[in-house]
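Reviewing the structure listed below.
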């Protein structure tokens, strides 16, 4: 249920309770009965709003989050030219493929295919 509608219903219930109390305080059998009915209606409205909020709170809500991460190193990075292990020819981006989480190199000059191994940074 919309929060605005819930707030409006709670305000109406408070007003009805207030009017019901005025009728009860005024006295007389008819006034006491009308006041009691108004108070019961207001309590019913409160219970309805509470149950609707409880049902809505039990439903899972989809939360979408976006993370922007910028990775920077602590020092200077130089681009290094990669060469084929077999023939020494330069390797370009089109010669690289990701297969099952690893990088596979297929040399466009000699046709050699091997897994790219990352060297330690130190």
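Give the residues of region 83-98 that are surrounded by 10 or more Cβ atoms within 10 Å (Cβ to Cβ), assigned to a strand (DSSP E or B) and within 44 Å of the chain's Cα centre (by Cα), sorted by residue number. Within region 83-98, 96, 97 qualify. Pairs are defined by a Cβ separation below 7 Å, a sequence spacing of at least 6 or placement on different chains, a first member in region 50-78 that is assigned by TED's automatic domain parsing to the domain that holds residue 13, and a second member that is at pLDDT 80 or above; the pairs so defined are 53/6. Assessment of region 2-20 against the conditions (in a loop (DSSP other than H, G, I, E, B), within 28 Å of the chain's Cα centre (by Cα) and modelled with pLDDT under 90) yields at least one matching residue. Considering only region 22-41, I want to know if a residue exists there that is on the phi > 0 side of the Ramachandran plot and either surrounded by 10 or more Cβ atoms within 10 Å (Cβ to Cβ) or assigned to a helix (DSSP H, G or I) (or both). For region 22-41, residues on the phi > 0 side of the Ramachandran plot and either surrounded by 10 or more Cβ atoms within 10 Å (Cβ to Cβ) or assigned to a helix (DSSP H, G or I) (or both): present.
The values are calculated or read from the model by the stated rules, or taken from the named source; none is laboratory data. As the structure is a computational prediction, the values presented were derived from the model and not from experiment. A quick note on method: Cβ atoms are made from the backbone with ideal geometry, for glycine too, and the neighbour counts reach across all protein chains shown.
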